[in-house]
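The values are calculated or read from the model by the stated rules, or taken from the named source; none is laboratory data. The structure displayed is predicted, hence computed values, not measured ones. Neighbour counts are summed over all protein chains in view; Cβ atoms, including those assigned to glycine, are modelled from backbone coordinates with ideal geometry. Side chains are part of the model used for accessible areas, which takes the heavy atoms of the whole protein and leaves out ligands, DNA and RNA. Shrake-Rupley method; radii C 1.70, N 1.55, O 1.52, S 1.80 Å.
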Amino acid sequence: MSSDEKDRTEPVTDSGATIADPAPAATPATEPAATESAGAADRADSWLRGRTGAVAARVGVAAVLCASLATSVVFFVQNQHSKDLLRAQEQARAAACEYGPVLADYDSKNLDAYFKAVLDGSTGDWSKQFESTSAELREVLTQGEVTSEVTDTQCAIRTADEDSAEAIVVIRQTISSLGTQHKPRPGQLSMVLGLRYDGGRWLVEKVNSPTPPTQAQ
């Protein structure tokens, strides 16, 4: 190599040291930072979507539970009302079946017990009506020496709620009196009883068109 070429390729400083080529400028580390920032954004977005979905799911579940609870409450109330109504109907029917024979079972020789039993199961208009006519009825039964015995009772509820009811009662009986020479003859007593739940008991407040207890012919 000639001295001219060496002079061109190796610049020399005043001190005689060789000056190296300048190193390429370092590229700023922007790409990893940008990637990390994008990843963090994605994670935040995923987290938000997850939280939003979870909240929506909880809201949906809560709505379903509330609807289910409301339906259950309605069914419970309806079911309870049905049970209460059925219980009331059965109690009213039992009271009517018990009271019917009270009206149809009597002995002219022991009318005090009969009147007491009739009034004990009565209330309202029927109680007043029976009490006001008891003296006349006593005279008729005593003079005719009338005795009635119940042989069969059939009863059913026609209408009823938890406080009132109507019952149909059909009673078969045998009746003896002076007119039958004290020989029992079959008879039948049919009536509609109006009942009311009063003081923890089903009482009869109305007797519609009963066959009056009269002397058998």
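Only one residue in 136, 98 is open to solvent by 90 Å² or more (accessible area, probe 1.4 Å), at pLDDT 95 or above and more than 16 Å from residue 208 (Cα to Cα), so which one is that? Full working, then the answer.
Working: 136 fails: at pLDDT 95 or above.
Residue meeting the stated conditions: 98.
From the list 134, 127, which one is part of a helix (DSSP H, G or I) and either touching a strand residue (DSSP E or B) at 6+ places or on another chain (Cβ under 7 Å) or over 17 Å from residue 201 (Cβ atoms) (or both)? Spell out the reasoning first.
Numbers: 127 fails: either touching a strand residue (DSSP E or B) at 6+ places or on another chain (Cβ under 7 Å) or over 17 Å from residue 201 (Cβ atoms) (or both).
Only one candidate qualifies: 134.
Could you list, in sequence order, the residues of the range 139-153 that are part of a helix (DSSP H, G or I) and either of a type outside the set (S, T, N, Q) or surrounded by fewer than 12 Cβ atoms within 10 Å (Cβ to Cβ) (or both)?
Start the filter on the range 139-153 by keeping residues that are part of a helix (DSSP H, G or I), which leaves 139-144.
Passing the criteria: 139, 140, 141, 144.
How about the range 159-178: which of its residues are out of contact with any helix residue (DSSP H, G or I) (no Cβ under 6 Å at 6 or more places or on another chain) and surrounded by 14 or more Cβ atoms within 10 Å (Cβ to Cβ)?
First pass over the range 159-178, keeping only residues out of contact with any helix residue (DSSP H, G or I) (no Cβ under 6 Å at 6 or more places or on another chain): 159, 161, 163-164, 166, 168, 170, 172, 174-176.
Those that are out of contact with any helix residue (DSSP H, G or I) (no Cβ under 6 Å at 6 or more places or on another chain) and surrounded by 14 or more Cβ atoms within 10 Å (Cβ to Cβ): 164, 166, 168, 170, 172, 174, 175, 176.
Out of 183, 128, 206, which single residue is open to solvent by 90 Å² or more (accessible area, probe 1.4 Å), of a type outside the set (Ser, Thr, Tyr) and in contact with a helix residue (DSSP H, G or I) (Cβ under 7 Å, 6 or more places away or on another chain)? It would help to see each step written out before you state the result.
Details: 183 fails: in contact with a helix residue (DSSP H, G or I) (Cβ under 7 Å, 6 or more places away or on another chain); 128 fails: in contact with a helix residue (DSSP H, G or I) (Cβ under 7 Å, 6 or more places away or on another chain).
Unique residue meeting the criteria: 206.
Looking at the range 141-156, I want the residues that are without any contact (Cβ under 8 Å) to a residue 12 or more places away in the chain and closer than 18 Å to residue 95 by Cβ and have a partner that is in a loop (DSSP other than H, G, I, E, B) and among the small types (Gly, Ala, Ser) with Cβ atoms under 7 Å, at least 6 apart or on another chain. Which pairs are those?
Filtered contacts from the range 141-156: no entries.
Among the candidates 102, 146, single out the residue that is β-branched (Val, Ile, Thr), in contact with a Gly (Cβ under 7 Å, 6 or more places away or on another chain) and under 24 Å from residue 182 (Cβ atoms).
Details: 146 fails: in contact with a Gly (Cβ under 7 Å, 6 or more places away or on another chain).
Going through 102, 146 in turn, the sole match is 102.
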